[in-house]
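All remarks here apply to the structure that follows.
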Amino acid sequence: MGPDGSGKSSVIAAYMRAVGPAFAGTACFHLRPNLLRGSSDGRTDNTDPHGQIPRGALMSAAKLLFLWVDYVLGYCLRVRPLLVRSTLVVFDRYYQDLLIDARRFRYGGPRWLARLVAKLIPMPDLMLVLDAPAHLLQARKQEVSAQESARQANAYRAMANSPALRGRAILVDAARPLEQVVHQCVDETLALLAMRTAKRLHLD
């Protein structure tokens, strides 16, 4: 995850090529497991992510219910079977993106409700949060204002450092060359796998 211009698409593509051979297979989802058909809110190819009018409170609540069902059932029926087969499952964006950039997802309901739903969905084992200064984000992509780039960057940093995501979220300096960014992402992934293996084998 990360703000617009942090290089998510490029990092994901290179990351999957680099770490993919360590797994039996790879799979990539956008935002949610996509078990249920729905809109394409949050697609990265949207050149005006804040151009649409937010939904009303009732429709926003219905959207959260839709997302909750898709995450829960999608995990059970699509994601979990892949994990059992030692597949690397990558998400380009996740539910927490809605908490940071509600306008992109046309969410117009109360924030407390969106935060509540966040506690009820399956969480990724590792959340790689790309971080870069606002001026660099703007140089790479100008889909949102400079002020919004700065706000998003600060919000993603705060999320990555929040107690709720401690042990899951890793802040990655995306201002560096792509190779270095991918290298850190791969290292964090392999470190998690090594820790799990040691725990499973009861190694000190």
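The values are calculated or read from the model by the stated rules, or taken from the named source; none is laboratory data. This is a predicted model, so every value here is computed, not measured. Using ideal geometry, Cβ is built from the backbone for each residue, glycine included, and neighbour counts are taken over all protein chains shown.
Condition (residue is surrounded by fewer than 17 Cβ atoms within 10 Å (Cβ to Cβ) and either part of a strand (DSSP E or B) or among the hydrophobic types (A, V, I, L, M, F, W, C) (or both)) applied to the range 39-53: is it met by at least one residue?
Taking every residue of the range 39-53 in turn, at least one turns out to be surrounded by fewer than 17 Cβ atoms within 10 Å (Cβ to Cβ) and either part of a strand (DSSP E or B) or among the hydrophobic types (A, V, I, L, M, F, W, C) (or both).
If you scan the range 110-153, which residues turn out to be more than 22 Å from V182 (Cβ to Cβ), in a helix (DSSP H, G or I) and hydrophobic (A, V, I, L, M, F, W, C)?
W112, L113, A114, L116, V117, A118, A134, A146, A150
Of the residues L113, L171, L126, which is surrounded by fewer than 18 Cβ atoms within 10 Å (Cβ to Cβ), under 15 Å from the mean Cα position of the chain (by Cα) and farther than 13 Å from G2 by Cβ?
Exactly one of L113, L171, L126 is surrounded by fewer than 18 Cβ atoms within 10 Å (Cβ to Cβ), under 15 Å from the mean Cα position of the chain (by Cα) and farther than 13 Å from G2 by Cβ, namely L126.
May I ask you to verify whether V79 is outside any loop (DSSP other than H, G, I, E, B), in contact with a strand residue (DSSP E or B) (Cβ under 6 Å, 6 or more places away or on another chain), farther than 30 Å from A175 by Cα and at pLDDT 95 or above?
yes
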